[in-house]
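> Sharing a structure with you now.
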């Protein structure tokens, strides 16, 4: 009973904090989608379809631009992810409460639902191509290396990285990042049961979030 009373007293303060963050959420952003696209195109121009070389080069450019907010590339920290019916490989470059930045892709293709999120999503194609379609589209939209596929807060679509073809992208999300976590984790709990991968995903995400918080990045 005391806990309920305490929660009742704290609830207005919690609501006020959430409202303040929501109104001012863009002030917490550090990453510029246009700059990320520019850096991506520079690496694409140099490395083309050399996926490994491209990702490592872009990682260095991101570190030069954003410093310690970017995690250095490490082949041991890739994880596989199942979300929205699609499966791909993920390397988390940055995670905080209001932004994440990652490499996402697959060497063999995949298809699924983007999810409907409390965040804006910027998906810059690095290698291969992506197809996407919303409910009222009769033809797919095509995104090629250097193109940026944008999903605003509350939008969703079907997407495909065509089967048998590698496709990798730099993905930035800006908004309420914790609200996106169930989308990325729920298929493990109720379908794949790949708990070692779930553990690594949570570990790397929380580790990046703590690092960002200690750097003053919310």
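> Hey, can you tell me all the residues within the range 187-209 that are without any contact (Cβ under 8 Å) to a residue 60 or more places away in the chain and either touching a helix residue (DSSP H, G or I) at 6+ places or on another chain (Cβ under 9 Å) or closer than 19 Å to residue 115 by Cβ (or both)?
Result: 189, 190, 195, 198, 202.
> Is it true that residue 117 is surrounded by 14 or more Cβ atoms within 10 Å (Cβ to Cβ), touching a helix residue (DSSP H, G or I) at 6+ places or on another chain (Cβ under 7 Å) and more than 23 Å from residue 51 (Cα to Cα)?
So residue 117 fits the description; yes.
> In this structure, is residue 200 at pLDDT below 95 and either in contact with a strand residue (DSSP E or B) (Cβ under 6 Å, 6 or more places away or on another chain) or surrounded by 15 or more Cβ atoms within 10 Å (Cβ to Cβ) (or both)?
no
> Also, I was wondering about something else. Among the residues of the range 129-164 satisfying the criterion of being over 18 Å from the mean Cα position of the chain (by Cα) and closer than 16 Å to residue 51 by Cα, which is surrounded by the most Cβ atoms within 10 Å (Cβ to Cβ)?
144
> If you check residue 93 against the conditions, is it over 14 Å from the mean Cα position of the chain (by Cα), crowded, with 16+ Cβ neighbours inside 10 Å and at pLDDT 95 or above?
Here the answer is no, as residue 93 does not meet what is asked.
> Answer yes if at least one residue in the range 204-212 is assigned to a helix (DSSP H, G or I), under 15 Å from residue 83 (Cα atoms) and touching a strand residue (DSSP E or B) at 6+ places or on another chain (Cβ under 9 Å), and no otherwise.
Among the residues of the range 204-212, not one is assigned to a helix (DSSP H, G or I), under 15 Å from residue 83 (Cα atoms) and touching a strand residue (DSSP E or B) at 6+ places or on another chain (Cβ under 9 Å), which makes the answer no.
The values are calculated or read from the model by the stated rules, or taken from the named source; none is laboratory data. The structure displayed is predicted, hence computed values, not measured ones. So basically every Cβ, Gly included, is an ideal-geometry build from the backbone, and we count neighbours across all protein chains shown.
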